[in-house]
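The values are calculated or read from the model by the stated rules, or taken from the named source; none is laboratory data. Here the structure is a predicted model, which is why all the values come from computation and not from measurement. Ideal geometry is used to build each Cβ from the backbone, glycine not excepted, and the neighbour counts take in all protein chains shown. These accessible areas exclude ligands, DNA and RNA; they are computed on the full protein's heavy atoms, side chains included. Shrake-Rupley method; radii C 1.70, N 1.55, O 1.52, S 1.80 Å.
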Amino acid sequence: MAVPLLQTSTVRVHGAICFSYMNPRRQVWELRSSSSQAFPCRTRPGHFGCMKAYCPNSSSVASLAKISVRAHLEASEGPLKSNDTKFQQQHQLHDFIIPKFIPPFSHKRNPLEEEANRAAQQWYHHYFSSTLIPETFYKIKNASCQTIPRSFYKIKNVNFQTIPVSVHSTAKLSHLEWAFEFYMFLFSIDDVVGHKTRSSSLEDLEEFFLELMVVIISSFPKDYLLKENLTKHFDDEIDHKLIKDFAEKVLARAMQHSKTDFDEHKVSPVCAAFSNLWSRATSEMPKEWNRRYAQIIQQSMLSQFLEARNLFLKKNPSISTYMSQRNEFGYMNAALGIIDYVDDIFLPNTVYYNSTMQRLLQATGDVACWHNDIYSFQKELMNGEMSNLVIIIGKEKGSSYNKAAEIVNQMVLDKLEEIHYAIADLRIQTQSNNEITASQRVATEQYIMGCTRFISSTHEFHSQSSRFQV
């Protein structure tokens, strides 16, 4: 049954038109002067301003990051200089206070949660149990299949189910199961990469991502964008050499590989699980979505490879570099991009890559990632992992970690304001544009609601999960 689009009402605040997309009586988010906001030019109602891929310029993102953090620091009482001693770091860690945050959106849980979770646990056990993975898998003979960390087997206890069961609250059982399994995969790959950066070699890390790349590339061996992404991702001379060699290995192996001859016992458990998820989704979805999602998840994996490599080499990113890459290695676009498959809709590229839709997706990912960095700060600082926005701001700007967390929290609030505007613009555009079909309007609304539920459910996950406890 088609989901009716919610009515939009407008009010005027300080001469600017604001949209209360749920209820005219709902609080209107007042425009702040914060320079962390950079709204693209508003398009005329009913007119799509961009039908091409929306790819933010990395340099502009970097500039925006610097301006945003500087503005929030200047607005505060002034940065607290840190001597960065071990004692002071432990003191700040002990006294760290998570800023208060209440998401402006709500969510409900899919009533099929229990059944889906039970089936997903069986799937997880199949790919990550010792019965499937013989002892030989742990030998250095196959570097990508070295010891799996204990945290690998604790995924079922971190309350991850809150996210898929809320974002996909109306999904049918088989697709909800897939969503549960997909999130298990995402947490598993994060745990394995973290383990490898601490205890394995750079070659082992490369082999791990190489297997995953082969699954994607072998599905579309003639897709020039997938090949191009392999070689353009890194930006310095060392990275160019690394990624060039990496790309050549991926393409060579992909040419020898096909879906029909894939053997899950010859690759790492994570790769076997990903191949299973990949084949099930792409067999049901149109080719346009398959290609698009291949590019989306490839970009996330390459970004995570770069982040893991920097952690391995103890290269600490700057604020601008981190913020321009955080959404990608956090798999935000990959998590939101499955809405089509899980919820039985299809958003064509002309709508998905519309600039307003991309504003919404980017801002949603920013909120979830930055919020995650606040809650994971203590654990990551204790583990010596510097890839965290609170840590980076605190160190680069010389502020206390509490002050840095307040800055990040304010940046989250600014992004939420941007999300409200993007939603209002998107609804006006889709309702007024005669080229948009009824099914595409429903799909757009599903994405909008998916983004709002993603924000509220990730907040619940971050604040309640044992994954972030120290």
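Of note:
- Residue under evaluation Ser303, criteria (1) within 12 Å of the chain's Cα centre (by Cα); (2) open to solvent by 20 Å² or more (accessible area, probe 1.4 Å); (3) among the hydroxyl-bearing types (Ser, Thr, Tyr), criterion not met: (2)
- Some residue of segment 275-290 being open to solvent by less than 40 Å² (accessible area, probe 1.4 Å) and under 30 Å from Ile391 (Cα atoms): no
- Hey, Asn402 more than 19 Å from Leu336 (Cβ to Cβ), in a helix (DSSP H, G or I) and open to solvent by less than 30 Å² (accessible area, probe 1.4 Å) or not: no
Residue-by-condition table, conditions (1) small (Gly, Ala, Ser); (2) within 22 Å of Leu426 (Cα to Cα); (3) under 11 Å from the mean Cα position of the chain (by Cα):
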position	(1), (2), (3)
Gly330	yes, no, yes
Ala335	yes, yes, yes
Asp344	no, yes, no
Thr356	no, yes, no
Leu360	no, yes, no
Thr364	no, yes, yes
His371	no, no, no
Tyr375	no, no, no
Glu380	no, no, no
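- Scanning segment 328-353 for residues that are open to solvent by 10 Å² or more (accessible area, probe 1.4 Å), part of a helix (DSSP H, G or I) and closer than 30 Å to Glu203 by Cα gives Glu328, Phe329, Met332, Asn333.
- Condition met for Asp239 (at pLDDT 85 or above, part of a helix (DSSP H, G or I), of a type outside the set (Lys, Arg) and surrounded by fewer than 20 Cβ atoms within 10 Å (Cβ to Cβ)): no
Yes/no matrix, rows are residues, columns are (1) β-branched (Val, Ile, Thr); (2) open to solvent by 10 Å² or more (accessible area, probe 1.4 Å); (3) assigned to a helix (DSSP H, G or I):
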residue: Met357; (1), (2), (3): no, no, yes
residue: Lys415; (1), (2), (3): no, yes, yes
residue: Asn434; (1), (2), (3): no, yes, no
residue: Val442; (1), (2), (3): yes, yes, yes
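- Of all the numbered requirements in (1) in a helix (DSSP H, G or I); (2) surrounded by fewer than 23 Cβ atoms within 10 Å (Cβ to Cβ), Glu385 misses one, and that requirement is (1).
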